[in-house]
Amino acid sequence: MAKIILTGDRPTGRLHIGHYVGSLRERVKLQNSGEFDKIFIMIADAQALTDNADNPEKVRQNIIEVALDYLACGLDPEKSIIFIQSQIPQLCELSFYYMNLVTVSRLQRNPTVKAEIQARNFEASIPVGFFTYPISQAADITAFQATTVPVGEDQMPMIEQTREIVRKFNITYGEALTEPDILLPSNEACLRLPGLDGKAKMSKSLDNCIYLSETADEIKKKVMNMYTDPEHIRVADPGKIEGNTVFTYLDAFCQPEHFSKYLPDYNNLDELKAHYQRGGLGDVKVKKFLYAILMEYLEPIKKRRTEFEKDIPAVYKMLQEGTRKAEAVAAQTLAAVKDAMRINYFDDAALIAEQAKKFQNK
Ligand code: ATP
Ligand code: MG
């Protein structure tokens, strides 16, 4: 069976370091491994509109920002098909048919949607489109017959929902769809990177992010103001590692060689953590270390982004070309789906002959 990747991001803002460790870094690695037959990367503008219906301009403005972040991180349009969701009408059609295979109570149980409804204060007025976005996500994944979906942990319920839809579809109508597997980051800290404020998840919508495209000064300011252990007041005080965002970010980004480069008094992260817990290690020193490491990742990304920013029409052209290729694949799946559901009346000569016979014998 062909190995196919589908993944993507909502154009609700520029991409941040949570995206980078949760999905983007992995995608680039997979892309360059040569192990996959096809890679589809989707800018999920239609999904972004489900909770930004009153602000389409935000979505429109951020498409190019996300595309630039992709290119800056090393996604390569020669190897990966990058496309815009709303420009592929087959995705809507697939969603429409999948809606019949999912119950309202099943959607209500989705823990990510529940948390997002709360975060957006939607309780009394949930847009139907937002409530059903897990179904539209199943359409996105299955339209490309994806076998592998590299995403952060918050996407687990979506992939599970997709798998259920695929099973139900294939049992009800016959095998036409592929059941995908989720691919999570192997490093635990990267599964769901917390926000700068210590909140459960760094998220564009919560505005608690370090963006990939920020300037060194902005990043420094954010790191220096980061949430640590509120009870670690004096340097001599013992400090907590659990829930301390600075250490979580170090877990996600720090490599052994960073110590000899930037903090040679320690051999590894365990030694640094032990000192912090004992007392005698100040937040500022740890934050400066984190800043140096982050810049090692982010500086080359920013530099590449600046290059791509010089030719914006070329980036739109790349997206248009990717969208054209993606649409051709989605059209094939939609045709297979309609065949399986037997809603292919005009292509079905046997149906027409059978009906003709029925009416002749009347
Ligand atoms: P929004 O707030 O608009 O939902 P977001 O920041 O959650 O934006 P998405 O576009 O929803 O970003 O997510 C894109 C991808 O990045 C998904 O695979 C998701 O799992 C991953 N991701 C997002 N935030 C994080 C995070 N903090 N840690 C790890 N992965 C993340
Ligand atoms: Mg999200």
(request) Considering each of Asn187, Asn208 in turn, give the residue that is within 11 Å of ligand 1 (Cβ to nearest atom), polar (S, T, N, Q) and free of Cβ contacts under 8 Å to residues at least 24 places away in the same chain. (result) Asn208
(message) Here's a check for you: in segment 181-192, which residue that is assigned to a strand (DSSP E or B) and among the aliphatic types (A, V, I, L, M) is farthest from ligand 2 (Cβ to nearest atom)?
(response) Leu183
(message) Among the numbered criteria (1) touching a residue at least 60 places away in the same chain (Cβ under 8 Å); (2) open to solvent by less than 60 Å² (accessible area, probe 1.4 Å); (3) among the polar types (S, T, N, Q); (4) more than 16 Å from ligand 2 (Cβ to nearest atom), which one does Ser136 miss?
(response) (4)
(request) For Ile84, work out the one condition from (1) touching a strand residue (DSSP E or B) at 6+ places or on another chain (Cβ under 8 Å); (2) within 16 Å of ligand 2 (Cβ to nearest atom) it doesn't fulfil. (result) (2)
(request) Have a look at Tyr70, Tyr20 and point out the one that is of a type in the set (Ser, Thr, Tyr) and within 20 Å of Ile312 (Cα to Cα). (result) Tyr70
(message) Let me confirm something: among Arg106, Arg192, which residue is of a type in the set (D, E, K, R), open to solvent by 20 Å² or more (accessible area, probe 1.4 Å) and closer than 30 Å to Lys240 by Cβ?
(response) Arg192
(request) Go through the residues of segment 49-61 one by one and say whether even a single one is within 15 Å of ligand 1 (Cβ to nearest atom), assigned to a helix (DSSP H, G or I), over 19 Å from Leu183 (Cα atoms) and open to solvent by less than 20 Å² (accessible area, probe 1.4 Å). (result) yes
(request) Just give me the residues in segment 75-88 being part of a loop (DSSP other than H, G, I, E, B), in contact (Cβ under 8 Å) with a residue 60 or more places away in the chain and open to solvent by 10 Å² or more (accessible area, probe 1.4 Å), in sequence order. (result) Pro77
(message) Pairs needed: first member in segment 139-153, closer than 17 Å to Arg167 by Cβ; second member anywhere, away from ligand 1 (no atom under 16 Å from the Cβ) and part of a strand (DSSP E or B); C-beta distance under 8 Å; at least 6 residues apart or different chains.
(response) Gln145/Ile4; Ala146/Ile4; Thr147/Ile4
(message) Just the residues that are over 14 Å from Tyr297 (Cβ atoms) and open to solvent by less than 30 Å² (accessible area, probe 1.4 Å), please, taken from segment 249-265.
(response) Phe259, Leu263
(message) Just the residues that are open to solvent by 10 Å² or more (accessible area, probe 1.4 Å), in a loop (DSSP other than H, G, I, E, B) and either within 9 Å of ligand 1 (Cβ to nearest atom) or not basic (Lys, Arg) (or both), please, taken from segment 14-44.
(response) Gly34, Glu35, Phe36, Asp37
(request) Within segment 164-184, identify whether any single residue is farther than 19 Å from Asp339 by Cβ, open to solvent by less than 60 Å² (accessible area, probe 1.4 Å) and among the charged types (D, E, K, R), and answer yes or no. (result) no
(message) Tell me yes or no: at least one residue of segment 228-240 is farther than 22 Å from Glu65 by Cβ, at pLDDT 90 or above, within 16 Å of ligand 1 (Cβ to nearest atom) and surrounded by 15 or more Cβ atoms within 10 Å (Cβ to Cβ).
(response) no
(request) Pull up segment 193-207, narrow it to residues that are modelled with pLDDT of 90 or more and among the hydrophobic types (A, V, I, L, M, F, W, C), then point me to the one that is nearest to ligand 2 (Cβ to nearest atom). (result) Met202
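The values are calculated or read from the model by the stated rules, or taken from the named source; none is laboratory data. None of these values were measured; they are calculated from a predicted model. Note that we place each Cβ from the backbone using ideal geometry, even for glycine, and neighbour counts take in every protein chain shown. Heavy atoms of the whole protein, side chains included, go into the accessibility calculation; ligands, DNA and RNA do not. Shrake-Rupley method; radii C 1.70, N 1.55, O 1.52, S 1.80 Å.
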